[in-house]
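Each remark here refers to the structure printed beneath this line.
The values are calculated or read from the model by the stated rules, or taken from the named source; none is laboratory data. Quick caveat: nothing in here was measured; it's all calculated off a predicted structure. Positions of Cβ are backbone-derived with ideal geometry, glycine not excepted, and every protein chain shown enters the neighbour counts. Note: areas computed on protein heavy atoms with side chains; ligands, DNA, RNA excluded. Shrake-Rupley method; radii C 1.70, N 1.55, O 1.52, S 1.80 Å.
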Amino acid sequence: ETRPEETPGDAARRFRGTDAALARLDQLLASLPPPPAEAALRRKIRLDRMVALRDRVRMPEAAAEGEALSADGPLPPYAEQAYAEQAYADALLYLRRPREARAAYERVLAASPKDVAARYGVFYAATELEDYATAYATIDALVDDEPVWRTYKDDPTRYDNADRQYAEVT
């Protein structure tokens with residue numbers, strides 16, 4: 001049951017869950033033995049922490065964590081934990097580093113060419129770079145990939161596709 005002070009629209013509490021996750025991740029990191037012990041677990045926790053920092057809109061910290069993790073090796077490929085590369089790209093774009101962000105989004109797309117969030121990321125990064133040919137091609141492809149109508153199993157009714165509408169407006 002949701003209490004009135006915890007409604008999703010309550011800006012003062014909207015990060016409560018993310019803050020709790022960050023605190024727990026920090027506790028887990030602190031509980032590990034010193035490096036190099038538990039290197040794989042430490043890296044996984046740091047990847048999760050980077051995503052939480054992005055979700056908390058602590059973009060400078062998310063980008064710094066992504067850079068530190070990248071120094072130890074590439075962020076994981078999509079099949080493993082692309083959410084980390086995506087979070088890093090989002091932080092870079094937020095920090096007005098569109099060239100680096102586009103490269104990160106393209107790494108996600110290399111492993112998963114139809115990743116919608118990464119494709120939108122490429123669009124916004126290209127727009128920031130004033131590379132309008134890439135921006136238009138990217139958004140046009142997103143529009144083309146979305147049908148005008150959605151249907152549901154055992155329901156002959158056609159419904160407007162909100163994802164198509166969003167791509168068209170963008």
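In the set (1) open to solvent by less than 20 Å² (accessible area, probe 1.4 Å); (2) modelled with pLDDT under 95; (3) under 13 Å from the mean Cα position of the chain (by Cα), Asp55 fails one condition alone, (1). Quick check: anything in segment 62-85 closer than 24 Å to Gln165 by Cβ and either surrounded by 14 or more Cβ atoms within 10 Å (Cβ to Cβ) or hydroxyl-bearing (Ser, Thr, Tyr) (or both)? No, because not a single residue in segment 62-85 is closer than 24 Å to Gln165 by Cβ and either surrounded by 14 or more Cβ atoms within 10 Å (Cβ to Cβ) or hydroxyl-bearing (Ser, Thr, Tyr) (or both). Out of Asp115, Asp163, Asp90, Asp140, one residue alone is over 18 Å from the mean Cα position of the chain (by Cα) and of a type in the set (Asp, Glu). It is Asp140.
So which of Arg107, Arg99 ends up being under 25 Å from Gly66 (Cα atoms), open to solvent by 90 Å² or more (accessible area, probe 1.4 Å) and under 14 Å from the mean Cα position of the chain (by Cα)? Talk me through it step by step, then tell me what you get.
Working: Arg99 fails: under 14 Å from the mean Cα position of the chain (by Cα).
None of the other options fit; the residue is Arg107.
A Cβ distance below 8 Å, combined with a sequence gap of six or more or placement on separate chains, defines the contacts here; from segment 43-72, residues that are aromatic (Phe, Trp, Tyr) reach no residue that is outside any helix (DSSP H, G or I) and open to solvent by less than 60 Å² (accessible area, probe 1.4 Å).
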